[in-house]
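I have placed the structure first, in the form of structure tokens, so that the comments after it can refer back to it.
Just so it is clear, none of the values below were taken in a lab; they were calculated from the coordinates. Not measured: the values here are computed from a predicted model. A quick note on method: Cβ atoms are made from the backbone with ideal geometry, for glycine too, and the neighbour counts reach across all protein chains shown.
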Amino acid sequence: MSRCHYYRQVCGLPAVVDPPQIGRIIVRTGMVWGITMPAVLGQHVKVWMQDHGHELGPILSHPRSKRWTFIIRPDLPDDVPLFAEMFRLNVSIIRHGGMIALPSPADRGTKFRAWMSRPDTTFRPSGCVVVAAIRHCVATKVARGRRVITYA
């Protein structure tokens, strides 16, 4: 409960313990969203954002599935071509009604979830900035002559 309280009070994440008997901490999306992508792409996006002077905000790693989730402001348009473009890149946008599991003591280490960029404020990057970083990283990969443009 203390970690859940920290997420709510310090980080501004609407975290709850669900289900209580297991102790998993989740955030139901609404006031925050998420963008989940392959870890390799996530590493490139993180570097691009840092190199271009953007704050990162919270970034989760899911080690077993080799994916990262950027927790973002809910500012992406409801745009089918955007979702289709991201889907082709193996990127998911977690919008209203979704669920994001956060690292919790019940995880027993970093096997299931870990912070790549810990939340310590209420800051969230714009989803538009993260999407721009994804597009740049994919375009750079294509420009280098690699035939496969997804990060699957």
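General remarks:
- Each Lys and Arg adds +1 at its Cβ and each Asp and Glu adds -1 at its Cβ; summed about the Cα centre, the chain shows a dipole of about 600 debye.
- Close amide-amide hydrogen proximity is noted between Ser126 and Arg73, each under 5 Å apart and 5 or more residues distant or on a separate chain (H modeled in the peptide plane; Pro and chain starts excluded).
- Applying 0.36 nm per residue to the separation of Ser65 and His136 and subtracting their alpha-carbon distance, the gain on full extension is 23.2 nm.
- Local electrostatic count at Trp48 - Lys and Arg +1, Asp and Glu -1, tallied over other residues with Cβ under 14 Å: +1
- Residue-averaged [θ]222 nm for the chain, counting only DSSP H segments that reach four residues, each worth -39500 (n - 2.57): -9500 deg cm²/dmol
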